[in-house]
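All remarks here apply to the structure that follows.
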């Protein structure tokens, strides 16, 4: 039978024989009850695989010094390990287990799952260190591993699962068309005609203010540590006014004025979002410190400020739009002012930045024209619009900041 | 702006504050040019996220002893890293680069890719250790890293990319519906109504004998090391006759008779496949040693044998069908004979078998009713059909073998 499934052997040392053509000697076969049951066989379609006849002549032996195949297989099938976690978050398994250990059968009942599939699902999560298990067999009870217990239980202050929910219901699928994105440069998300039906997914995230807020809290949970670091690490001593562009719920403004009470901060985002920012800022008792502005940063005339920040904004756009924003920020800054961009900065040597490079490719899949950049790229752009110089500061890698300095008067 | 993209910060130690409800003080906002540009906003759909109002009251600070978030994020976004490799194999980038180093621009031209996306793609592969790079910037030239150079260049005897091609064009997408598979127990592959159009993909793999053979060579490349190990490691001294069920191109039979020239082997597979097996066996000059039988092992009356083998067969089926095959094998074995199953055996404690458990979940996604098993499961089944005892032998983990012994007469 054909095996279409994940196989993950390693290479063992064996006598190495270079491939060679063995003379064709004819054949001698016993046949019995011919039978063919391939699904969808018989239709000839454009080839995805080209033919390499030499291939079928090889003896498939590996030399003693063959490199270990496993890292390649691990990366090649990592999508399935990743998907197991994303589905667990999507089903909210970890919140369920936070209430107490459950058997596979109890999990199946609570989450309405196909009973026979649950032990493999749970034990795969166990082997990936996401669950723990007490006992064996049908009576065994599963609990959350340390990481999901801390980060993936909804309703706790440390929940960071919102991003994984997004991956589970959107990004995983859209990355399935990464090849096309690479061939065409075209976004593969809801905007692609193929995904006309995905409108529902999008609406389920943003359909109500409550959902929108929950989503932004979830996304904010992943960037808030870097924002807090910026509020502490950068010198805010001489800063009177701060403007955060695309500030979402105003989390960065909250961090800035909490750590630097002399600063007056303004957070700008679209009207529907800024309504939520107002609520969030009020809850934190910072209403007097932070102004909330509604509008698109493309249209809104930036107020004068000593520091302008953009967190995960610049990477959303193509170079032309990036330059428009940088110019606009330059013009709005007071003499001696600073523009700060928080992003997944690619290392200048572009050799080891896995998360930043994946993020940039994610822009290709999910954000028309967007791309991430190095601090050297940023330095070139900001000098072009008039800034004096720039520097990079480490926040919470891979989220870091670049700061562009405008000359004093 | 909303950020929908992959973010991968780590948690840093900060003063831990338990979440609390801050009194609502009212708001004070500046609005300007209200503007809303969310894609697909405004439609209210069934919630995928439930609401947890307490969540929005937290201060999102992490305690000093917060566990490192990075392993969780790495696993959560591993699908995209995996997809980058699969797309590189799908585009046959590594075969292209085996002919000599190329710049990003030359790669884009040769593979007809969107030029601006290629540097991030190539540098992501570089950072994942799949490529190397000489130089920087537009003149930099990329070459294959050691693993792709060895395993992912088509037309070489060590090519193992066929499996990744399958992942790229089939399994990645079907795993996108893993949640549904878990909820319904239903296969998510070409047989699912959603994938009616995927018929073309299937046909492109099996539409011609040449493609079918190439595919089977590719799959065989991943199991052949384990087959060779079985041929060497098991005691074949007393064996006269061997029958391999679902033998594909007859690779296992070739290994058995090469290592144990006294054995007469029969390889059984569907007619279309056994035609190819005949060619392959003839090329290896083993036609006199190996009989080729055509048919389905469900219908074919097994010939008597001292050893019957099934490589990656048993895991394809549900328990009822597994038992039918085991019974049929028992009946066909000579007294003192052995049944050998090569599969991704799940460890008996089901605690650390990531590849085997993912394989079993892959059966859920791609093979109706199929599942992998432990050697203890196997032992129970074979005793039920009359075997005396069984043992596990290590081949090339995670591919291992279980051997069931029939009593002598």
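What to note about this one:
- 10 Å Cβ neighbours from other chains, averaged over peptide A:396-402: 3
- Rounded to whole Å, sorted largest first: equivalent-ellipsoid semi-axes of the stretch B:223-405, Cα gyration tensor: 24, 18, 17
- The relative contact order of the stretch B:71-159 comes to 29 percent, based on Cα pairs under 8 Å that sit 6 or more residues apart.
- Per-residue shielding of B:213-222, expressed as the average number of other chain Cβ atoms within 10 Å of the residue Cβ, stands at 5.
- Length-normalised contact order for the stretch A:173-285 - Cα pairs under 8 Å, 6+ apart - percent: 19
- Rounded FRET efficiency, nearest 0.05, which uses the C-beta distance separating residue A:180 from residue B:288 and R0 of 45 Å: 0.35
- Out of every Cα-Cα pair that the stretch B:122-229 contains, those further apart than 18 angstrom amount to 65 percent.
- Remark: mean inter-chain Cβ contacts per residue of A:275-286 equal 4, using a 10 Å Cβ-Cβ cutoff to other protein chain atoms.
- Förster-model FRET efficiency, 25 Å R0, residue A:394 and residue A:320, C-beta, rounded to 0.05: 0.30
- Copy-to-copy label separations for residue A:391, where each label sits 7 Å from Cα toward Cβ, in nm and ascending: 6.9
- With R₀ set to 45 Å, the beta-carbon distance separating residue B:238 from residue A:368 gives a calculated FRET efficiency near 0.10.
- Alpha-carbon centroids, the stretch B:109-163 and the stretch B:186-263: separation in whole Å: 29
- Calculated label separations, residue A:318, copies of the chain, 7 Å along the beta-carbon direction, nm: 5.3
- Normalised radius of gyration (Cα atoms, divided by 2.2 N^0.38 Å) for the stretch A:306-409: 1.02.
- A simple spin-label model places the labels of residue A:272 and residue B:262 7.9 nm from each other, with each point 7 Å out along Cα-to-Cβ.
- Using a 7 Å projection from Cα along Cα-to-Cβ, the label point at residue A:235 is separated from the same position in the remaining copies by 8.1 nm, smallest value first.
- Shape call, the stretch A:78-156: gyration tensor on alpha carbons, a/c limit 1.5: rounded
- Label-point separation, residue B:191 to residue A:191 (7 Å along Cα→Cβ), nm: 3.9
None of the figures in this text is laboratory data; all of them are computed from the coordinates on show. Nothing here was measured: the structure is a model prediction, and the numbers come from that model. Backbone-built Cβ (ideal geometry, glycine too); neighbour counts: all protein chains shown.
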